Amino acid sequence: MGMTISEKILAAHARKDRVVPGELIEVDVDFALANDITAPIAIDRFRRAGAKKVFDPERLALVPDHFVPNKDIDSAIQCKLLRDFAREHGLRYYFEVGRMGIEHALLPEQGLVVPGDVVVGADSHTCTYGAVGAFATGVGSTDLAAVMITGRIWFRVPSTIKFVYEGELRPWVTGKDLILYTIGQIGVEGARYRAMEFTGSAVGELSMDQRLTMANMAIEAGAKNGIIAPDMVTRVYVDDRARRPARYYESDPDASYDEVIPIDVSTIEPQVAVPHSPANARPVNEVGRIPIHQVVIGSCTNGRIEDLRLAAEVLKGRRVAPGVRCLIIPATQAIYRQAMEEGLFTTFLEAEAAISTPTCGPCLGGHMGILAPGERAVATTNRNFVGRMGHPQSEVYLSSPAVAAASAVLGRIGSPAEL
Amino acid sequence: MILKGKAWKFGADVDTDLIIPARYLNTSDPKGLAKHCMEDADPAFAGKVSSGDLIVAGNNFGCGSSREHAPIAIKAAGVSCVVAASFARIFYRNAFNLGLPILESPEAAEAVKTGDELEVDLATGKITNLSQDRTYQAQPVPPFMQELLAAGGLMPYVMKRLAGGGEWHGKVL
C-alpha cells in the first residue's frame, strides 16, 4: 500500500519508513512561527519552563501582523515582547513594521517555507503553506513553546480526503471560489482532523497565489492540513526564493484515501459565503440584492499581487459606490511595492478606495476597519463568524477579490459580470 | 477526579471568536479574558457562570482560530470541564496542553439542558445528570492525552522528558 504526500512528509520527519493514519508520531519541525497574539503566551510558557534557548534561531519566525502598526498600548506591549525576545535569542526572522507582511503571505514569498517541510505555526491559517507542498498546520501557543524548545512536536497521522478538480473555470472564478464551494459541500467540520489533498487538472492550472488561497482555508473545513503536490508551477515559484533545500513529494498511485471527491469546476459560479459560516457558500447571483457598507480586499487569504490585480481590473475606470468604504490591504511590503509600481494604486485611488499598510487588522475585528451594529461587509478574508469584523450584530460576506470589488462599485453584493 | 456543577448549554460549531472575541486579544491576562468569555454567544455568561460549572455543546466546539486565549478564558471563568459532541482539533490540543478537562459525548450534548446539575468522573468518563437522573458515557481519553494530563500539561511533560536525558530527541512516542 502506498502513502499520500502528507503521510510521506510526516514519515520522513518521524525518521520512519512509513506511517499510517491514526498513528501517534513525533516529528522534526523545519520551521515554526508565531504572531503578536500567540507569541506572548508562547514566550511566557518558554520562560516559565526555564528554557534558555530556542532550538534553532534560523527556524523560528516572529511576525507581528495582527494588531500592527500598534493599535493601542496593550498591543504595543505585546509587540514589544516579541521584539525583545527576538533580540535576546538572535532570531534571524523577526519582521518589523516596514519590513513585514501578513505571516502566511510573507513566509512563502520570502522562501522560508519550502516543499517537503513540516511547518508548525501558532496561527490556524498556517495550513496555507500546503500550497507549496509542505505539511503545515496550526497549533496553540503552548504547543509552539514546546517546539521552540525541542524542535519537535507530536501528531496523530491524519487520514486524507482527496479532492479532484476537473474542467474549465468560468469567467471570474478563482481559487477562492473553489475553496468556498468545497467548504460549502463538506461543511465546517467536513475534514475535521483530516488532510485535504487538492488535485486535478483545474488545480494544476491555478497560479501559486490562487493555490495559497485554497490551502489557506482548509482549516475552515476543520482540516489539519491542506496540501497540493508540487509541480512546475511550484518549482518556478520556489526556485527563485527558497532559503533551504526543497524536497519534492507526491502521493503514490495506490495511496489510501478516506474519501475521493470529484468536483466539476465548470459548474461553479463565483461564490459568496453568507453569515455566519464559511460553509454558507452559494453562487453570487443567488444571494439577493443586499446593500453593503464596507469592502475589505486583503488578508492572508487574498492579499497577494494577483488578488490586487483582479480587484484593479474590476475597479478600473469605476468608482466605489456612495456610502461604501473600500479598504485595500496589500499583504506584504513587496506586494505593496509591486502594486504601486504596476500602477494599481492609481486605479484604487481613482476609484476612491483606501490603501493600507500590511496588517491582519479588520479580518479579525482587530482594528483598521471595524463594523458598527447593523453594518455589512463583503471581505476577501476567511471567516464570517458572529462579531468577526466588529460588533456582534454586524455581518461579513466572504468572496473573491473580483466579487468584492464589484460589490464595492455596485453598493450591494454582486458579480463583476453585472458591471 | 469528580467534577460537579451546573450545565450551560451551547449549540454546534461554537467558534473561538464566540468563546473570546479577537477584539480582546491585545492581552493574554486570564482574568481580563475571563470577563469576556462566551460574550458574543451570551453577553451575560461571564456574570452568570459559577466556579465549577460545565459548558455543554454540540459538534466541532472551538473551531476557527488557534488562539489559546479560548481555553484560557473558559478555565479562568471558572468552568471545570467542557463536554461536547466533538471538538475542533486545535482547541482539543490546547485544552489538554493547559489542563482544561474536556470530554466527547454526543449523547450528553443532545440531552443536557442549561441548568442541569452534572457530575463528571474524569477517570471513567461517566457523566451523571442529577437533574434528569440519567448517565452518559463519554469517549475514553486516549492514553497519550492521559499521560499529558497526569504530567500537568504539555510543558511539564516536555521538561520532564528533557530532564530525563533528552529522550525527546529521536524517540517516537
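What to note about this one:
- Residues of segment B:22-31 include at least one that is in contact with a Phe, Trp or Tyr (Cβ under 7 Å, 6 or more places away or on another chain) and without any contact (Cβ under 8 Å) to a residue 40 or more places away in the chain.
- Matching residues in segment A:14-29 - criterion: being under 17 Å from A:ALA195 (Cα atoms), surrounded by 17 or more Cβ atoms within 10 Å (Cβ to Cβ) and more than 11 Å from chain B (Cβ to nearest Cβ): A:PRO21
- Enumeration of residues in segment A:219-249 that are within 14 Å of chain B (Cβ to nearest Cβ), outside any loop (DSSP other than H, G, I, E, B) and aliphatic (A, V, I, L, M): A:ILE219, A:ALA221
- Residue in segment B:146-156 that is on the phi < 0 side of the Ramachandran plot, outside any helix (DSSP H, G or I), surrounded by 14 or more Cβ atoms within 10 Å (Cβ to Cβ) and more than 10 Å from chain A (Cβ to nearest Cβ) present: no
- Lone qualifier among A:PHE385, A:PHE345 - being more than 14 Å from chain B (Cβ to nearest Cβ) and either in a helix (DSSP H, G or I) or in contact with a Gly (Cβ under 8 Å, 6 or more places away or on another chain) (or both): A:PHE345
- Some residue of segment A:39-51 being in contact with a strand residue (DSSP E or B) (Cβ under 6 Å, 6 or more places away or on another chain), within 30 Å of B:PRO30 (Cβ to Cβ) and either in a loop (DSSP other than H, G, I, E, B) or not assigned by TED's automatic domain parsing to the domain that holds A:CYS360 (or both): yes
- Applying the criterion of being of a type in the set (S, T, N, Q) and in a strand (DSSP E or B) to the residues of segment A:271-295, the residue that is nearest to the other protein chains (Cβ to nearest Cβ) is A:GLN294.
- Candidate set from segment A:242-268 (those that are surrounded by 14 or more Cβ atoms within 10 Å (Cβ to Cβ) and β-branched (Val, Ile, Thr)); member that is farthest from A:ILE179 (Cα to Cα): A:ILE261
Here is a yes/no grid of residues against (1) within 14 Å of another protein chain (Cβ to nearest Cβ); (2) part of a helix (DSSP H, G or I); (3) modelled with pLDDT of 95 or more:
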position: A:GLY317; (1), (2), (3): no, no, yes
position: A:GLY323; (1), (2), (3): no, no, yes
position: A:ALA334; (1), (2), (3): no, yes, yes
position: A:THR359; (1), (2), (3): yes, no, yes
position: A:PRO362; (1), (2), (3): yes, yes, yes
position: A:GLY369; (1), (2), (3): yes, no, yes
position: A:GLY374; (1), (2), (3): no, no, yes
position: A:PRO392; (1), (2), (3): yes, no, yes
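- With respect to the stated conditions, A:ARG92 is more than 10 Å from every other protein chain (Cβ to nearest Cβ), touching an Asp or Glu at 6+ places or on another chain (Cβ under 7 Å) and surrounded by fewer than 24 Cβ atoms within 10 Å (Cβ to Cβ).
- The set of residues from segment A:375-419 being aromatic (Phe, Trp, Tyr) and surrounded by 24 or more Cβ atoms within 10 Å (Cβ to Cβ) comprises just one member, A:PHE385.
- Conditions (1) outside any helix (DSSP H, G or I); (2) surrounded by 24 or more Cβ atoms within 10 Å (Cβ to Cβ); (3) touching a Lys or Arg at 6+ places or on another chain (Cβ under 7 Å): number failed by A:THR213: (1)
- Single unsatisfied condition, B:SER65 versus (1) without any contact (Cβ under 8 Å) to a residue 60 or more places away in the chain; (2) farther than 26 Å from A:GLU189 by Cα: (2)
- Residue check for A:LEU106: aliphatic (A, V, I, L, M), in a loop (DSSP other than H, G, I, E, B) and touching a strand residue (DSSP E or B) at 6+ places or on another chain (Cβ under 7 Å): no
- Selection status of A:ALA372, in the same structural domain as A:SER407 (by TED's automatic domain parsing), touching a Gly at 6+ places or on another chain (Cβ under 8 Å), surrounded by fewer than 18 Cβ atoms within 10 Å (Cβ to Cβ) and more than 16 Å from A:ALA273 (Cα to Cα): yes
- All helices (runs of 4 or more DSSP H) inside segment B:1-80 with 3 or more residues being away from every other protein chain (no Cβ under 14 Å): B:45-48
- Residue ID - farthest from the other protein chains (Cβ to nearest Cβ), chosen from residues in segment A:37-81 that are under 23 Å from B:LEU154 (Cα atoms), surrounded by fewer than 24 Cβ atoms within 10 Å (Cβ to Cβ) and basic (Lys, Arg): A:ARG59
- Scanning segment A:110-158 for residues that are buried (at least 24 other Cβ atoms within 10 Å of the Cβ), in contact (Cβ under 8 Å) with a residue 24 or more places away in the chain, part of a helix (DSSP H, G or I) and not aliphatic (A, V, I, L, M) returns A:SER124, A:HIS125, A:THR126, A:CYS127, A:THR128, A:TYR129, A:GLY130, A:SER141, A:THR142.
- Residue count, segment B:91-139 (criterion: assigned to a strand (DSSP E or B), over 24 Å from B:ALA77 (Cβ atoms) and out of contact with any Asp or Glu (no Cβ under 8 Å at 6 or more places or on another chain)): 3
- Residue within segment B:101-114 that is under 30 Å from A:ASP36 (Cα atoms) and surrounded by fewer than 24 Cβ atoms within 10 Å (Cβ to Cβ) present: yes
- Of the numbered criteria (1) buried (at least 21 other Cβ atoms within 10 Å of the Cβ); (2) touching a helix residue (DSSP H, G or I) at 6+ places or on another chain (Cβ under 8 Å); (3) free of Cβ contacts under 8 Å to residues at least 24 places away in the same chain, the one B:ARG134 fails is (1).
Condition check ((1) part of a helix (DSSP H, G or I); (2) closer than 26 Å to A:LEU24 by Cα; (3) without any contact (Cβ under 8 Å) to a residue 12 or more places away in the chain) across all residues:
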{"site": "A:GLU168", "(1), (2), (3)": "no, no, no"}
{"site": "A:GLN185", "(1), (2), (3)": "yes, no, no"}
{"site": "A:LEU206", "(1), (2), (3)": "no, no, no"}
{"site": "A:SER251", "(1), (2), (3)": "no, yes, no"}
{"site": "A:GLU269", "(1), (2), (3)": "no, no, no"}
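The values are calculated or read from the model by the stated rules, or taken from the named source; none is laboratory data. Quick caveat, the model's predicted, so the values are computed rather than measured. Heads up, the Cβs are rebuilt from the backbone with ideal geometry, glycines too, and the neighbour counts pull from every protein chain shown.
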